[in-house]
Amino acid sequence: MVCDDLAGTNVLGRPSEYFIKLIETRNELNSDEKRNELLAIVERSSTPNGISAVKVMSNQIQPIGQILLNSGAAEAKGPDFAFMNYFDGARFYRITRKDKVAQAVSRILAAETNVYHASDDSKGLEGMLGKLSKGRDETGVEYSASRIKTEIEQIRKEEHHIDNFIKKFNIPYTEIVYEEVVNNRGYIYEIAEEFDIENIVLAERRLKKIGGGVGKDWISQYKSEMKAAC
């Protein structure tokens, strides 16, 4: 959603999960091919004014850093340092969600159906952002409290990893909270101001929120069970 909002300005980069394909094929590519793919990512992720934006998940930092080392695109004493060397001068925006149960349920349903977003337009969307449809068929997906709990634990591990990475390099960042921006897109204008960009035109979101139905019921059931257990 945030990536779609940024791309919709046509001046704040075109963020997507460009590194997933490179991570998956890294053992098949030589150093030159990796460097070429890195250059291609910059090109695909940039708006006409030269601003580039990418989406990076916590578990991608190490693989990206190793690719940068192996390709010679960055010199450092380890993957984490290579990652920071390559993105030196970048602005970091950390996206979080307060409701971990809802986040866990959303991730489970996306994984089960292989549909992560709803949209009529997939142009420029790569990685998980490209796994979309006009809707999602959740028929036959069974509720599992233990799986939701496991997913919540995984989310917390990922956030802990990011916490440690930020602390390790003392990274200044802006936090974007899902619940605060899902119905309020004013944060995009604040980001634009950080780049001294005025009078942006914000396109309508292409990615539609998939909610209600099975997911809403699971969230309610899990929270009721956890409350009862206490």
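The values are calculated or read from the model by the stated rules, or taken from the named source; none is laboratory data. Quantities reported herein were computed from a predicted structural model and do not represent experimental measurements. Quick reminder, even Gly has a Cβ in these numbers, built from the backbone with ideal geometry, and neighbours come from all protein chains shown. Side chains included, ligands, DNA and RNA excluded: accessible areas come from the protein's heavy atoms. Shrake-Rupley method; radii C 1.70, N 1.55, O 1.52, S 1.80 Å.
General remarks:
- For the range 75-90, the criterion of being open to solvent by 50 Å² or more (accessible area, probe 1.4 Å), in contact (Cβ under 8 Å) with a residue 40 or more places away in the chain and either part of a helix (DSSP H, G or I) or among the basic types (Lys, Arg) (or both) is met by none of the residues.
- One residue from Lys123, Lys149 being at pLDDT 95 or above and either among the polar types (S, T, N, Q) or out of contact with any Leu (no Cβ under 6 Å at 6 or more places or on another chain) (or both): Lys149
- For the range 1-39, the set of residues classified as aliphatic (A, V, I, L, M) and either over 14 Å from Ser71 (Cα atoms) or in contact with a His (Cβ under 9 Å, 6 or more places away or on another chain) (or both) consists of Met1, Val2, Leu6, Ala7, Val11, Leu12, Ile20, listed by residue number.
- Checking each residue in the range 33-47 for being of a type outside the set (Gly, Ala, Ser) and either open to solvent by less than 50 Å² (accessible area, probe 1.4 Å) or in contact (Cβ under 8 Å) with a residue 12 or more places away in the chain (or both) picks out Lys34, Arg35, Glu37, Leu38, Ile41, Arg44, Thr47.
- Residue that is modelled with the highest pLDDT [pool: residues in the range 173-207 that are surrounded by 15 or more Cβ atoms within 10 Å (Cβ to Cβ) and under 25 Å from Ile152 (Cβ atoms)]: Ile176
- Residue pairs whose Cβ atoms lie under 8 Å apart, separated by 6 or more positions or on different chains, with the first residue in the range 175-204 and under 11 Å from Val2 (Cα atoms) and assigned to a helix (DSSP H, G or I) and the second open to solvent by less than 100 Å² (accessible area, probe 1.4 Å) and basic (Lys, Arg), are Tyr178/Arg97.
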